[in-house]
Amino acid sequence: MPSRLKRPSVLRALAITTVLVGFQAYLGYSALKGQFGTESNARMLVEIGELEAKSSVIQAEIDAYRHRVQLFDSASLDPDILTERARALLNMAQADDVLVMLDPKTGMPRLEAAAIPVVDAVTTGSLPDSGSSTQSTGIFVSPIPATRTVY
């Protein structure tokens, strides 16, 4: 009996080739435009640079806060600086403090208000002999005795 060899089908070879070429095209597309492709890699590098810049800004802010917290350490705390800062934040003064009125245009102290005791300015609400009431803008409260000049 003669044996016959079966010829391979052309359609089967064409189907396998088409599937393999399609898979190769998918891999090529993923290598260029996929989540981890070359274009995505460039975008990620730009984003890494932006995030590093933000990180350095935030780290500088954290360092500033750490420094401010360290100033509250009881071993290095200066009571004069603490009371001066508290009075400036609360906008309060003691009777022996000196108010220095600043000219809003120049930022320099006004000559007629160079050494007004706090008691006079607080009780009257205006500068002595100035004739007009002053707004609270430009007032700097300093815990320096009245014998000194503040600039």
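What to note about this one:
- Alpha carbon centroid spacing (whole Å) that separates region 1-59 from region 94-110: 72
- Rh by Kirkwood over Cα pairs, then Stokes-Einstein D for region 10-70 at 1.002 mPa s and 20 °C, µm²/s: 138
- Spacing of the two label points (7 Å from each Cα toward its C-beta) at Val19 and Arg85, in nm: 7.4
- Neighbour counts of other Cβ atoms within 10 Å put Lys6, Lys54 in the fewest-to-most order Lys6, Lys54.
Coordinate-derived values only; no laboratory data. Note that the coordinates shown come from a computational prediction; the quantities given were computed from them, not determined experimentally. Please note: Cβ atoms are built from the backbone with ideal geometry, for glycine as well, and neighbour counts cover all protein chains shown.
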